[in-house]
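The values are calculated or read from the model by the stated rules, or taken from the named source; none is laboratory data. Everything quoted here is computed from the prediction, not taken from an experiment. Here the Cβ is made from the backbone with ideal geometry for all residues, glycine too, and neighbour counts use every protein chain on show.
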């Protein structure tokens with residue numbers, strides 16, 4: 001005996017007198033209540049109805065007793081006629097059902113389902129309303145019960161008095177009259193109950209109909225986007241959760257269509273979205289089990305279940321599924337529903353839709369699958385993991401045999417062809433499309449996510465990029481990219497945990513042809529070439545001071561004080577004064593601008609920057625392609641601001657393009673899933689330097705590779721212009737250079753930026769060592785099949801006049817005119 005049972009059987013304690021039951025309090029004034037006038041009208045109407053029925057019953061009883069033989073004969077004839085009419089109607093209905101059985105069966109099942117659903121919904125609504133208004137309901141029930149009791153008591157007393165006063169009148173007709181009264185009461189109750197149920201069912205049916213009367217809108221299918229290289233080859237495929245490539249039904253093999261329909265919904269072309277036979281079988285199994293065991297789902301129901309309904313397993317969702325399935329078929333048509341289903345269903349191994357599944361398992365399109373392949377794909381729908389041909393080959397082979405047998409049963413395949421297909425081997429490996437991530441594709445994705453042409457918010461752009469079916473054509477040259485990766489991997493000194501980055505830009509268009517952000521994307525996804533704040537470029541930044549000087553009247557023959565150390569005023573800055581020195585303390589005296597560039601003389605360029613103007617140097621850098629913010633301080637000419645290799649390559653490409661700047665870009669065009677152009681690169685070339693200034697700077701940068709600090713970057717048979725860069729304590733080393741065809745920047749350093757590159761294979765790493773060799777190795781391969789070309793010579797007569805240069809106050813350095821002899825006859829070489 002449980003505790004609850006003992007508590008129920010325990011007699012009440014005499015010390016605890018029983019408390020009286022609390023009397024239900026009337027509802028508060030602010031709660032809704034039924035008007036008293038309505039109750040009074042209903043009560044009067046009920047009494048009047050009882051009086052009329054009573055009088056009618058009395059008169060009917062008297063008349064029936066008086067004409068009983070005729071009534072009996074008429075009733076007999078009516079019963080016989082009704083029986084004959086019922087038999088005729090039954091026979092006609094049976095003949096009609098036999099002639100229209102499939103349609104009648106469907107409508108009958110739908111009617112039964114609708115009645116069940118309406119009854120259930122009515123009960124739920126009534127129960128919820130009662131729960132919310134229980135105090136009011138309880139009060140009104142009590143009032144109605146008391147009123148009914150009083151009315152019945154009065155009616156009973158009245159009936160008794162009337163019977164005692166008229167008992168003789170009843171006589172022999174009393175028994176017959178009683179039967180008539182009882183019959184009338186039963187009929188009246190039946191009419192009342194039928195009316196109530198009909199009204200309630202009508203209300204619920206209206207609500208139910210309104211719920212599903214609107215047009216059913218299937219959500220758009222997510223489809224994968226593809227990134228292509230410049231030559232049209234696929235770089236990678238982008239998708240979020242579902243990897244899908246929708247195709248029209250006409251591009252799907254008819255054999256595959258037959259296999260899926262025969263397996264999943266054999267009567268698909270003969271019902272309206274619901275297979276009544278399958279529903280009845282599933283309902284019998286579900287009722288027997290007391291839960292949803294069998295779905296009995298048609299193709300339309302499966303489509304509705306996966307796209308419109310929440311993942312529940314109850315009878316309510318099953319009813320919703322049936323109603324929506326019929327509406328979808330009615331609205332879209334059978335072929336459209338089947339096409340959507342084939343592009344939606346999951347086939348395992350991350351493949352959604354028949355096109356992606358055919359590619360994943362067989363490496364072919366859905367239009368080219370054969371019979372054995374079609375049977376395997378159709379069998380995967382029921383249980384993708386359980387029938388996986390790679391992980392469960394025995395189960396997959398048995399399932400394929402079952403599908404082939406079903407196709408033969410429905411006359412879509414001959415028995416000999418089915419046997420031949422059953423003997424075909426299963427796929428032994430997957431054929432996934434390229435979904436690898438690398439520095440270039442990652443940079444492309446980031447650029448698209450920042451492009452407002454793809455959406456107002458980042459979330460909208462993410463959905464478009466990873467599920468909008470975009471066709472993204474990039475500027476990447478696969479050959480150059482492979483060569484860049486090989487050059488970086490081979491050019492990094494082994495055993496020192498160093499990293500390197502490379503960016504190559506086409507000077508004629510600004511197209512980024514190759515990007516390597518590090519030695520291994522799998523080890524470190526941080527892209528040094530494109531992302532982040534960048535690294536200090538060291539003396540590679542001197543080119544912007546050189547351009548500013550040339551634009552304001554200097555020439556290669558201009559003599560500058562290159563003695564070291566030097567004292568540079570830095571008002572308001574730290575330190576003040578700034579005291580830089582030449583590399584390894586080399587003592588240069590007066591030196592031409594050409595030689596100071598070739599040998600990267602720090603003190604000469606520090607003094608030149610002050611004479612030209614620091615603001616002009618920063619403005620020149622921004623004009624040529626540096627997008628990073630720059631601190632306008634004296635040390636910036638020696639590269640103390642941070643930039644990325646792509647920015648440096650883009651700026652030097654401006655010199656290779658004779659002073660015309662093309663914005664660097666990774667994406668050339670983006671097409672939508674329908675193939676229509678969404679947008680293309682809107683590059684607007686801009687002349688930012690005069691031809692003569694660009695050509696003069698190029699001639700001096702040729703000297704860096706010919707006899708200066710960058711001799712290791714030379715490419716046999718080609719003119720190479722460039723500049724080395726090394727930061728303080730050997731933490732960063734650069735070589736940035738260009739030919740008429742390609743501009744490339746190479747950075748090398750420790751990934752943390754805190755470890756100096758000292759004693760690396762016996763040397764301290766500078767821009768003219770490992771970075772220059774890496775640059776040369778890449779450019780030699782990249783341009784191997786390109787005919788060499790020469791840089792055009794500047795015209796000294798068209799250079800800016802020397803009088804436009806303004807020396808700094810107190811400077812003793814003379815402003816000289818243009819000369820070409822000093823460029824041809826270099827002076828003393830420097831170490832970097």
Pick from the stretch 207-225 the residues that are outside any loop (DSSP other than H, G, I, E, B) and within 18 Å of residue 331 (Cα to Cα): which of them is modelled with the lowest pLDDT? 210
For the stretch 658-690, what are the residues that are under 21 Å from residue 550 (Cα atoms) and out of contact with any helix residue (DSSP H, G or I) (no Cβ under 8 Å at 6 or more places or on another chain)? 686, 687
Failed criterion for residue 693 (all others in (1) farther than 22 Å from residue 504 by Cβ; (2) modelled with pLDDT of 95 or more; (3) surrounded by fewer than 21 Cβ atoms within 10 Å (Cβ to Cβ) hold): (3)
Going by the conditions given, is residue 377 in a helix (DSSP H, G or I) and over 30 Å from residue 515 (Cβ atoms)? yes
How many residues does the stretch 271-321 contain that are surrounded by 20 or more Cβ atoms within 10 Å (Cβ to Cβ), modelled with pLDDT of 70 or more and in a loop (DSSP other than H, G, I, E, B)? 6
So, of the residues in the stretch 424-463 that are in contact with a helix residue (DSSP H, G or I) (Cβ under 8 Å, 6 or more places away or on another chain) and over 25 Å from residue 220 (Cβ atoms), which turns out to be surrounded by the fewest Cβ atoms within 10 Å (Cβ to Cβ)? 431
All but one of (1) modelled with pLDDT under 95; (2) touching a strand residue (DSSP E or B) at 6+ places or on another chain (Cβ under 6 Å) hold for residue 654; which doesn't? (1)
With touching a residue at least 12 places away in the same chain (Cβ under 8 Å), under 25 Å from residue 580 (Cα atoms) and surrounded by fewer than 19 Cβ atoms within 10 Å (Cβ to Cβ) as the only criterion, which of 795, 729, 759 stands out? 729
Residues (over 29 Å from residue 221 (Cβ atoms) and touching a strand residue (DSSP E or B) at 6+ places or on another chain (Cβ under 8 Å)) located in the stretch 663-680: 664, 665
Name, by its number, the condition in (1) out of contact with any helix residue (DSSP H, G or I) (no Cβ under 8 Å at 6 or more places or on another chain); (2) free of Cβ contacts under 8 Å to residues at least 24 places away in the same chain; (3) within 29 Å of residue 217 (Cβ to Cβ) that does not hold for residue 356. (2)
Looking at this structure, is residue 384 in the same structural domain as residue 266 (by TED's automatic domain parsing), modelled with pLDDT of 90 or more, in contact with a strand residue (DSSP E or B) (Cβ under 9 Å, 6 or more places away or on another chain) and not in a helix (DSSP H, G or I)? yes
In this structure, does residue 503 turn out to be at pLDDT 85 or above, within 16 Å of residue 771 (Cβ to Cβ) and assigned by TED's automatic domain parsing to the domain that holds residue 687? yes
Given (1) surrounded by fewer than 17 Cβ atoms within 10 Å (Cβ to Cβ); (2) over 22 Å from residue 472 (Cα atoms), residue 413 misses just (1)
Sort out which residues of the stretch 236-262 are farther than 30 Å from residue 464 by Cβ and not in a helix (DSSP H, G or I), and write them in order of number. 253
I'd like to verify a number: residues in the stretch 743-756 that are buried (at least 24 other Cβ atoms within 10 Å of the Cβ) and in a loop (DSSP other than H, G, I, E, B), how many? 0
Just to be sure, is residue 400 at pLDDT 95 or above and either farther than 14 Å from residue 375 by Cβ or over 16 Å from the mean Cα position of the chain (by Cα) (or both)? yes
Complete set of residues in the stretch 762-787 that are assigned to a loop (DSSP other than H, G, I, E, B) and in contact (Cβ under 8 Å) with a residue 12 or more places away in the chain: 764, 765, 766, 767, 768, 769, 783, 786
Test of understanding: among 258, 251, 271, which residue is over 28 Å from the mean Cα position of the chain (by Cα), over 17 Å from residue 304 (Cα atoms) and assigned by TED's automatic domain parsing to the domain that holds residue 325? 258
I'd like to check which helices (runs of 4 or more DSSP H) are fully inside the stretch 589-683 and have at least 3 residues that are under 22 Å from residue 706 (Cα atoms) and in contact (Cβ under 8 Å) with a residue 24 or more places away in the chain. 593-598, 602-612, 645-656
Do we find that residue 358 is under 23 Å from the mean Cα position of the chain (by Cα), closer than 28 Å to residue 239 by Cα and at pLDDT 95 or above in this structure? yes
Of (1) modelled with pLDDT of 90 or more; (2) farther than 18 Å from residue 622 by Cα, residue 551 satisfies all except one. Which? (2)
